[in-house]
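These notes concern the structure reproduced below.
The values are calculated or read from the model by the stated rules, or taken from the named source; none is laboratory data. Predicted, not measured: the structure shown is a model, and the values here were computed from it. Counting neighbours? That spans all protein chains shown, and the Cβs are built from the backbone with ideal geometry, glycine included. In case anyone asks, the SASA skips ligands and DNA or RNA and just uses the protein heavy atoms, side chains included. Shrake-Rupley method; radii C 1.70, N 1.55, O 1.52, S 1.80 Å.
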Amino acid sequence: MPLPVPEDVFSEGMPEREGASVQEAFELFSALAPKGWRVELIEGEICVVPPANGEHEEIVSELNGQVRDHDKGVGRYTGIGLSLPGTTDTVRVIPDLVIAPKGSFDDQQEWHAPDPVLLVAEVTSSSTARRDRVQKIRVYARAGIPLYLLIDREAGEAVVCSEPAGDDFAHKHIHKLGTIVPLPHPLGFDLDTGAF
């Protein structure tokens, strides 16, 4: 979704519109995005996502709570930026939920390496569903993230991707929403999607 760009933002130190690299354009969009909007860079494409609706956030909140109830030693992050390896450029994503040991992101950085991440979760919206189902599987697998949980609201499914191998996950298990979904190691507990 394009953002309006005021003419006066292109002052000294800002890239010119013509000839700016994708990374420079991404940084400009990130700086100009309204509060609550997410700007991501995935496989050379700048993605601008508006704030999520209430149903989306209820699902993220329920996921967050079930992880907390299972393991109080992990952090549950809903606005953390991850810097992942891309095929040509760095990928920058802000997952709906990141699970990692507490203290993993205790610094001033805006973008973090994926090394401590145990699980990333995405909840589809009409504007993000294709990226969540296709591109994010590739980038999360390529980064070696052990688990990717996709809550696909449109399909009514929870997809658990595990064992990253290259640009994909070796295992993908699809469950209907409303059922019990086993999350393998490193989390190792049953997620109740009945509240979704």
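Being touching a His at 6+ places or on another chain (Cβ under 9 Å) and among the aliphatic types (A, V, I, L, M) is the requirement here; does Leu149 meet it? No; evaluated as a whole, the condition is false for this residue. If you check Val22 against the conditions, is it of a type in the set (Val, Ile, Thr) and at pLDDT 95 or above? It is false that Val22 is of a type in the set (Val, Ile, Thr) and at pLDDT 95 or above. Checking each residue in the range 153-164 for being within 15 Å of Leu119 (Cβ to Cβ) and either open to solvent by 40 Å² or more (accessible area, probe 1.4 Å) or more than 19 Å from the chain's Cα centre (by Cα) (or both) picks out Glu163, Pro164.
Total residues in the range 165-196 satisfying the condition of being open to solvent by 50 Å² or more (accessible area, probe 1.4 Å), of a type outside the set (Gly, Ala, Ser) and part of a strand (DSSP E or B): the figure is 10.
Filtering Glu62, Glu27 for residues that are acidic (Asp, Glu) and touching a Phe, Trp or Tyr at 6+ places or on another chain (Cβ under 9 Å) leaves a single hit, Glu62. For the range 122-130, state whether one or more residues are free of Cβ contacts under 8 Å to residues at least 60 places away in the same chain, aliphatic (A, V, I, L, M) and part of a helix (DSSP H, G or I). Yes, the range 122-130 has at least one match.
In the range 63-122, of all residues being of a type in the set (S, T, N, Q) and closer than 19 Å to Ser30 by Cα, the one that is least open to solvent (accessible area, probe 1.4 Å) corresponds to Ser83.
In the range 24-32 there is at least one residue matching the filter, namely being over 14 Å from the mean Cα position of the chain (by Cα), under 22 Å from Ile137 (Cα atoms) and in contact (Cβ under 8 Å) with a residue 12 or more places away in the chain.
When the range 31-61 is filtered for residues that are in contact with a Leu (Cβ under 9 Å, 6 or more places away or on another chain) and either in a loop (DSSP other than H, G, I, E, B) or open to solvent by 20 Å² or more (accessible area, probe 1.4 Å) (or both), the ones remaining, listed by number, are Leu32, Ala33, Pro34, Trp37. Is it fair to say Ala100 is farther than 13 Å from Glu40 by Cα and out of contact with any Leu (no Cβ under 8 Å at 6 or more places or on another chain)? So Ala100 fails the test. Assessment of the range 135-152 against the conditions (hydroxyl-bearing (Ser, Thr, Tyr), open to solvent by less than 50 Å² (accessible area, probe 1.4 Å) and under 17 Å from Val93 (Cβ atoms)) yields at least one matching residue.
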